[in-house]
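These notes concern the structure reproduced below.
The values are calculated or read from the model by the stated rules, or taken from the named source; none is laboratory data. These numbers were taken from a predicted model, which means no experiment stands behind them. Every residue, glycine among them, receives a Cβ derived from its backbone with ideal geometry; neighbour counts consider all protein chains shown. Surface accessibility is based on the protein's heavy atoms, side chains included, excluding ligands, DNA and RNA. Shrake-Rupley method; radii C 1.70, N 1.55, O 1.52, S 1.80 Å.
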Amino acid sequence: MEALLHFKNIKKSFSGNVVLDGVDFTIQPGQIVALAGENGAGKSTLMNILFGMDVISETGGFEGEIIFEGKTVNIQSPQDAMALGIGMVHQEFMLLPGFTVARNIKLNRENLIANPISRIAGKGYQLLDNPKIVREAAGALSRLGMEINPEVTVDKLPVGHMQFVEIAREIDKSNLKLLVLDEPTAVLTESEAERFLACIRKVADDGIAVIFISHRLDEVMSLADSVVILRDGQLVSDKKVEDTDKHQIAEQMVGRKLESESMVNVNRSFKEDIILEIEHLRVDMPGERSKDISLSVRRGEILGIGGLAGHGKTSISNGIFGMYPAKGKVSYNGQPLHFEKTGEALDKGMAFVSEDRKGVGLLLNESIALNMVYTDMKVNRNFLKKLGPFSLFDEKSAEEAVKEMIEELDIRCTGPKQLVGRLSGGNQQKVCMARALITKPEILFVSEPTRGIDIGAKQILLNYLVKINKEQGITIVMTSSELNELRTVCDRIAIIGSGTVQGILPPDAPNVDFALLMSGEKGGDK
Amino acid sequence: MMSGEKTNRVGVFLKRQLVNNAVTILFFFICIAGIILANQPMSYIIGEISSRLFRNLILILALLVPVWAGMGMNFSIVLGAMAAQIGIIVSTNFSMSGIACLAVSFLVSIPLSLVFGNLTGRLFNQTKGQEMITGMILGFFAKGIYDLVFMFLCGPVIPVKNQALLLTNGIGLTTPINLDGATKSALNKIWMVSLDKAVYAVLILFLLFQAALFLRRFLLKKEEAKGKKPWGLLIALLALAVFHVACVSSETFLFALRFTDVPVATGILIAVVCVYITFLSKTKLGSDINAVGQSMPIAVSMGIPADKIRIVAIMISTLLAALGQLVFIQDIGNFTTYTAHENVGTFSIAALLVGGASIKKANIGHAILGALLFHTMFIISPLAGKNLFNNAQLGEYFRVFVCYAVIAVALALHAWKSVMAKKISEDPAEEEKHE
Amino acid sequence: MASVKNMIKTFGFPRLIIIAFLGLLIVMMFVLHIPVPLTFSQCLVRIGINMVLALAMVPGIMAGTGMNFALPLGIECGLLAGMISLQYNMKGVGGIFAAMLISVPFSVLAGWAYSQLVNRVKGSEMMVSTYIGFSMVALMCIGWLMLPFSNASIVWPIGDGLRTTITLEEWYDRALNNLFAINILGVDIPIGLILVIGLFCLVIWLFMKSHLGLMMKAAGANPNFAKANGVKVDSMRTVATILSTVLGGIGIIIYAQGFGFYQLYNAPLMMAFPAIAAVLIGGATPSRISIFNVVLGTVMFQSMLAIATPVANSLIPEGNLSEVVRTIVSNGIILYALSRMQGGKR
């Protein structure tokens, strides 16, 4: 049988950074292929290529071929993909809340009736054929086995039903041949998810191929026909579901071997001196919600926080620093910390390097000097000089401190006066780090310190973290999506899944243990 | 238990209605209080309100389509008003008169308003999210250009045939520009009917329309139709009955109605605009406009050309505004050349908001109710001020204040609501319900 | 060629047009034999009396509430203080400073109340503030009619309320302008006015560099950065709004003394727009501003208007051509800034 879609030797790099390296697999009509992999493994880049998204062409296109129904196709835009019969259901809903279910399903493909006015004034004046729209929408929904009233507006629909409406919209397109589902069950409850999976099975039984992206390994095992695993842009496994199991998938997802000598902090011993105690913390950070986090940080250690995106690992530091509303109890050096007050954690001598470098970490239109000393100036009122009623910013004393940091962290710049926005990502990250360190913190929270920066800068930053931890005794809590990075520098690694701590492992624990904690297969509180 | 729950639900419903329509309800009471304070004969008040309703309604209706498109209140209908004024200046220049003058004015204003609308739409696409402030500033800017053309270029640069239009020194147009006797109210004068007859006619037509709908449903024997009660028919009957009783029982009321003449042709024109807007809402174009209004990114991802749709929405609005200003000017019989367009945007928007519309939602009902309430306030507040404080000026300032305040409050409420909505959507309560 | 393009890019197309126009006006001034020293004197006065109103834009833009279209709010506070100073016959330079002092509590109160609204309508500040400004002007119209002022020189001889225009001859007409004024080559240089304006610019400049100013700047440039550094963004916006309102109040008093009269009722309605246009012409954007922008913008915009008036009058004696030019230029530059603003976001 001829394959419906063949990704043939796909290669893609973003400014020298290889994200897809010779990915090659096929999908048959009616087949459900699960696409698995850690964040950054290249799944979304592959889908962006399939849909001809602008990010791909803007960054120099890709190498390799996409062969659809035996022909090499050149997909330039999502519209091209749609025309070929490739549909996608996104993680976030693409539904108009004020329109009925039927109108959403038929959006921009409405059944129309010509009339005298439309003959003169143009197609825009054709009337909507509402009965027919409702009928056809109801037909699509019933093909999915769903009983949803097509005349209800979407804003009155339970969240769990919206996903079905999206699927109905796709299968209502008469030419649909391939459906891509990006973590479709993330917002569904367990029973809804089950119905949803049954519904996908139905779609596949109609001969439509499905690419199914999910982090839930149980779903993958029960639904998919075959599993394709990407890791660091390479295809590491393409197997029938019968020929594999959850453990194997999990291990292959994170499976990079790490030399034990590169883990610098194995088996350091600490006194049970708790510097920070987090109890039942819950942070309402959109997209990264945590529900019930309890963690103790020992003085002098480097604690890693890992886990998959969307499970709440980054919300912990954001909650403690008051960036998002949070509930729970946090004590610092035995004293309760009122983290809901803006600046409380900073005033107490903690420091924070945010994962969102450009959005939170920097004032892009200001100088390196101001950026670096800002926190210290604000919180500890350093680098100021009095002039009458004003406490003026003292550029001279700031520049001295800044020059020191520039040298120490090897920041490539023209000098303290250069605007931060002009620096490369790695150097910007170093500025953020310097800003936190100039305050001389007792404990430092670092989120995703190496995201989107080059390897050289990555190494400098990680080494520096280890160095300040050893030499200055600064306790470090480091959050990262890159497990191996955590394993190289941390003493312990807490894995966050579904908003809670799934478990804490030493850096030299086997790969498969990490993988299973991450995919929520072990110890989950649920 | 059940009934308790029910009254509670009714209570919640009433409370929500009260909160959502606070501006309208407040205005209703201001109007009632004003009418009592103004102490004017009913015939005067009804006459004034009726003539202002016919004069202003199309301008208010012109605002609806951009609201659907999510662009908020279209402050740039000022440009449509300018197009109409240019139309009148052109036709007056060629010494036209009567209905022909109005027709030519409208013909001239069509391409102008479409071009203005198109350019405005393009500008709005550059300033997404800030359409209202852009529209307002654009109105001021356009006024500058308009003044430059008609105050300084007409005469020396642009030849003017009709010397009566020019100032004595030959530079710039005179102000105000008067329509001649045959043109003034030419549209209104086609057919005048006293208000009582007009209301009877409208109510009877409405009843017939509802009856026809009911019959059609009955004859088609649609399944779903059977369950529905013929509310429309009942309302139509009730309205007719109430009106009839009011007319029969109150001499002064009937006298006031008989005393007031309404322009049927203008009324028909307004009806045509209403029908057009209703029709538009049921077409593909209307659907696209609504889709863009609800979410531009989603509309675009579904292949709807949002930018183009937005431009079309503004063009429709500007064209209707031109028509509206033309009706307005023919009703008055003259216009101050350089300022007649100035308050068109503000007053129409305030009226629409008073009728219960918001930045996101507006319909024909809001426009009519708003026009009634707003213009009632407009007529009576100087009179009430005079009676209350012996100072008519006070009432005049009051109505200007109310006009601005209504817009400020509506904008602030809307902005506040959307900030709150954002907060709620980020609230995890929704998710919790699920688990 | 490339350098020309670059220059246009950094300097902005509309600014070049305005410079060209200004140049043309200066040439015309000589061609039409308009008395140059008199015009320059006019320029200096106009620049001076408008400067503080333009300075009022600084705090809002710094703190991220954007251009303060609600400037009339501050102006009304200033006018109220001015009326009080006239009522009690405060005269001379002392009278001016007294009026400024009186205006501060009013402005602080009004600015605080208004800031509570501003903090609740993030993202729509400009539109809301425009209409808040408008409604305050209309409300104060009623106020001018009703408030119990009794000084015969400021109320209508018959009927209620304050006069529409109150000439300041009796009190402090041009007191600041004439303070230490010297005459060089026929040009009157209002040293007193320049000193006061310079002082205000200096204070605001220092403020921008201070601890509080830098906190405000962060709140405007990147609210999340501010929050992560313990800056209370809403408080900064409140302080900025109050500061802007206070400057609006002081600004109108300086404006009125240099102009020679107070204008009440509807006069303040559109006064925010020239101030906004001036800072935009000076190179500010709705999210970034410096004192240099304010000074350069006010100098360019006000000189243009000051020179345009006699030039226009000698070209076309009837009609108010300079007023039309003002409308087009000031609203044109605001439109340009608005369209740029979105462009930057994309």
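Just one of the listed residues (A:340, A:251, A:272) is out of contact with any Ser or Thr (no Cβ under 8 Å at 6 or more places or on another chain) and not assigned by TED's automatic domain parsing to the domain that holds residue A:495, and it is A:251. Entry remark, segment A:142-161: residues being within 22 Å of residue B:295 (Cβ to Cβ), of a type in the set (A, V, I, L, M) and more than 12 Å from every other protein chain (Cβ to nearest Cβ) number 3 in total.
Within segment C:149-198, the set of residues being exposed (fewer than 13 other Cβ atoms within 10 Å of the Cβ) and more than 20 Å from residue C:259 (Cβ to Cβ) comprises C:150, C:152, C:156, C:157, C:158, C:159, C:182, C:183, C:184, C:185, C:186. Here the helices (runs of 4 or more DSSP H) wholly within segment B:183-264 that include at least 3 residues being of a type outside the set (Lys, Arg) and over 30 Å from residue B:104 (Cα atoms) are B:195-220, B:223-227, B:231-249, B:251-259.
When segment C:113-148 is filtered for residues that are open to solvent by 50 Å² or more (accessible area, probe 1.4 Å), out of contact with any Phe, Trp or Tyr (no Cβ under 9 Å at 6 or more places or on another chain) and more than 8 Å from chain B (Cβ to nearest Cβ), the ones remaining, listed by number, are C:113, C:116, C:147, C:148. Condition check for residue B:166 on (1) more than 25 Å from the chain's Cα centre (by Cα); (2) more than 9 Å from chain C (Cβ to nearest Cβ); (3) closer than 30 Å to residue B:307 by Cα; (4) not charged (D, E, K, R): one failure, at (3).
The set of residues from segment A:209-218 being within 20 Å of the chain's Cα centre (by Cα) and not small (Gly, Ala, Ser) comprises A:211, A:212, A:213, A:215, A:216, A:217. Of the set (1) buried (at least 18 other Cβ atoms within 10 Å of the Cβ); (2) without any contact (Cβ under 8 Å) to a residue 40 or more places away in the chain, all apply to residue A:135 but (1). Give, as residue ranges, the helices (runs of 4 or more DSSP H) completely inside segment B:40-144 that count at least 3 residues that are farther than 30 Å from residue B:379 by Cα and free of Cβ contacts under 8 Å to residues at least 12 places away in the same chain. Per the criteria, B:98-126.
Residues are listed down the side, and each one gets a yes or a no for (1) part of a helix (DSSP H, G or I); (2) touching a strand residue (DSSP E or B) at 6+ places or on another chain (Cβ under 8 Å); (3) open to solvent by less than 20 Å² (accessible area, probe 1.4 Å); (4) at the interface with chain B (Cβ under 8 Å from one of its Cβ atoms):
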position	(1), (2), (3), (4)
C:313	yes, no, no, no
C:318	no, no, no, yes
C:324	yes, no, yes, yes
C:334	yes, no, yes, yes
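Among the residues of segment A:103-129 satisfying the criterion of being in a helix (DSSP H, G or I), open to solvent by 70 Å² or more (accessible area, probe 1.4 Å) and at the interface with another protein chain (Cβ under 10 Å from one of its Cβ atoms), which is nearest to residue B:285 (Cα to Cα)?
Filtering segment A:103-129 for residues in a helix (DSSP H, G or I) gives A:103-105, A:116-121, A:123-125.
Filter once more, keeping what is open to solvent by 70 Å² or more (accessible area, probe 1.4 Å): A:116-117, A:119-120, A:123.
Pick out the ones that are also at the interface with another protein chain (Cβ under 10 Å from one of its Cβ atoms) and you get A:117, A:123.
On the way: A:117: 13, A:123: 8 Å.
Per the criteria, the residue is A:123.
Residues in segment C:74-95 that are open to solvent by 10 Å² or more (accessible area, probe 1.4 Å) and not in a loop (DSSP other than H, G, I, E, B): C:77, C:80, C:84, C:87, C:92, C:93, C:94. Looking only at segment A:385-408, decide whether some residue is open to solvent by less than 30 Å² (accessible area, probe 1.4 Å) and touching a residue at least 40 places away in the same chain (Cβ under 8 Å). Scanning segment A:385-408 turns up no residue that is open to solvent by less than 30 Å² (accessible area, probe 1.4 Å) and touching a residue at least 40 places away in the same chain (Cβ under 8 Å). Just one of the numbered conditions (1) without any contact (Cβ under 8 Å) to a residue 24 or more places away in the chain; (2) surrounded by fewer than 21 Cβ atoms within 10 Å (Cβ to Cβ) is not true of residue A:425: (1). On inspection, residue A:38 fails the criterion of being charged (D, E, K, R) and surrounded by fewer than 18 Cβ atoms within 10 Å (Cβ to Cβ).
Here residue C:283 passes the criteria (1) part of a loop (DSSP other than H, G, I, E, B); (2) open to solvent by 10 Å² or more (accessible area, probe 1.4 Å); (3) at the interface with another protein chain (Cβ under 9 Å from one of its Cβ atoms) except the one numbered (3). Taken over segment B:261-287, residues that are open to solvent by less than 10 Å² (accessible area, probe 1.4 Å) and either among the aromatic types (Phe, Trp, Tyr) or over 19 Å from the mean Cα position of the chain (by Cα) (or both) amount to 2. Scan segment A:290-307 and tell me whether some residue there is in contact with a helix residue (DSSP H, G or I) (Cβ under 6 Å, 6 or more places away or on another chain), crowded, with 21+ Cβ neighbours inside 10 Å and within 30 Å of residue A:165 (Cα to Cα). Looking through segment A:290-307, at least one residue is in contact with a helix residue (DSSP H, G or I) (Cβ under 6 Å, 6 or more places away or on another chain), crowded, with 21+ Cβ neighbours inside 10 Å and within 30 Å of residue A:165 (Cα to Cα).
Residues in segment A:468-477: is at least one open to solvent by less than 10 Å² (accessible area, probe 1.4 Å), part of a loop (DSSP other than H, G, I, E, B) and under 24 Å from residue A:405 (Cα atoms)? Full working, then the answer.
Initially, segment A:468-477 is screened for residues open to solvent by less than 10 Å² (accessible area, probe 1.4 Å), giving A:468-469, A:474-477.
Next cut, part of a loop (DSSP other than H, G, I, E, B) only: A:474.
Restricting the remaining residues to those that are under 24 Å from residue A:405 (Cα atoms) gives A:474.
Yes, there is a match, as at least one residue in segment A:468-477 is open to solvent by less than 10 Å² (accessible area, probe 1.4 Å), part of a loop (DSSP other than H, G, I, E, B) and under 24 Å from residue A:405 (Cα atoms).
Residue A:54 - would you say it is in the same structural domain as residue A:250 (by TED's automatic domain parsing), among the acidic types (Asp, Glu) and in contact with a strand residue (DSSP E or B) (Cβ under 8 Å, 6 or more places away or on another chain)?
Details: in the same structural domain as residue A:250 (by TED's automatic domain parsing): yes; among the acidic types (Asp, Glu): yes; in contact with a strand residue (DSSP E or B) (Cβ under 8 Å, 6 or more places away or on another chain): no.
So residue A:54 does not fit the description; no.
In segment A:312-359, of all residues being assigned to a helix (DSSP H, G or I), within 11 Å of chain C (Cβ to nearest Cβ) and of a type in the set (A, V, I, L, M), the one that is nearest to residue A:431 (Cα to Cα) corresponds to A:346. If the condition is being in contact with a helix residue (DSSP H, G or I) (Cβ under 9 Å, 6 or more places away or on another chain) and under 13 Å from residue B:94 (Cα atoms), then segment B:160-174 contributes B:160, B:161, B:162, B:164, B:165. Of all the numbered requirements in (1) surrounded by fewer than 22 Cβ atoms within 10 Å (Cβ to Cβ); (2) over 17 Å from the mean Cα position of the chain (by Cα), residue A:321 misses one, and that requirement is (1).
Wholly within segment A:156-253, which strands (runs of 3 or more DSSP E) include no fewer than the required count, namely at least 2 residues that are open to solvent by 60 Å² or more (accessible area, probe 1.4 Å)? Even if it seems obvious, please write down each step before you answer.
Values: elements: A:178-182, A:209-213, A:226-231, A:234-240.
In segment A:156-253, A:234-240 are the strands (runs of 3 or more DSSP E) which contain 2 or more residues that are open to solvent by 60 Å² or more (accessible area, probe 1.4 Å).
Within segment B:357-376, is there a residue that is closer than 29 Å to residue A:98 by Cα, in contact with a helix residue (DSSP H, G or I) (Cβ under 8 Å, 6 or more places away or on another chain), surrounded by fewer than 19 Cβ atoms within 10 Å (Cβ to Cβ) and within 14 Å of chain C (Cβ to nearest Cβ)? The answer is yes; a qualifying residue exists. Inside segment B:376-414, residues that are farther than 12 Å from residue B:34 by Cα, assigned to a helix (DSSP H, G or I) and not acidic (Asp, Glu) make up a count of 20.
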